[in-house]
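Read the structure below first, then the notes.
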Amino acid sequence: MALSPTAVAARRVFAAAAHSGQEGGSVRTWKILSFVVAMPGVALCMANAYLKMHAHSHDAPEFVPYAHLQLRTKRFPWGDGNHSLFHNPHTNALPDGYESPHH
């Protein structure tokens, strides 16, 4: 079974930390682990999220006016009273449908 370069580096760091007799060895170990394991891991996760975001279309589903989803018992206290606080016209429908013309 072949190990990835990151796994090999992590094993070396752990082995060095286990045999370290110095008091500051654990700080050095965590610093090295941060650069060798954590930062590449975060970079890989960011690249994965970016690629998945561009692979999928972001079209909203067709608007169906379900009465139980669009209840308005009173107006919102901001704006025109019909838009939620974090309203996005491309993804959030109003009681009568989407605002943006591409839907």
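If you go through the stretch 58-79 one residue at a time, do you hit one that is of a type in the set (Phe, Trp, Tyr) and modelled with pLDDT under 80?
No; the residues of the stretch 58-79 include none that is of a type in the set (Phe, Trp, Tyr) and modelled with pLDDT under 80.
Restricting to the stretch 64-86, name every residue that is among the aromatic types (Phe, Trp, Tyr) and either surrounded by 10 or more Cβ atoms within 10 Å (Cβ to Cβ) or under 29 Å from the mean Cα position of the chain (by Cα) (or both).
Correct list: Phe76, Trp78, Phe86.
What number of residues within the stretch 52-63 satisfy the criterion of being surrounded by 10 or more Cβ atoms within 10 Å (Cβ to Cβ) and of a type in the set (A, V, I, L, M)?
Qualifying residue count for the region: 1.
The values are calculated or read from the model by the stated rules, or taken from the named source; none is laboratory data. As the structure is a computational prediction, the values presented were derived from the model and not from experiment. Neighbour counts are summed over all protein chains in view; Cβ atoms, including those assigned to glycine, are modelled from backbone coordinates with ideal geometry.
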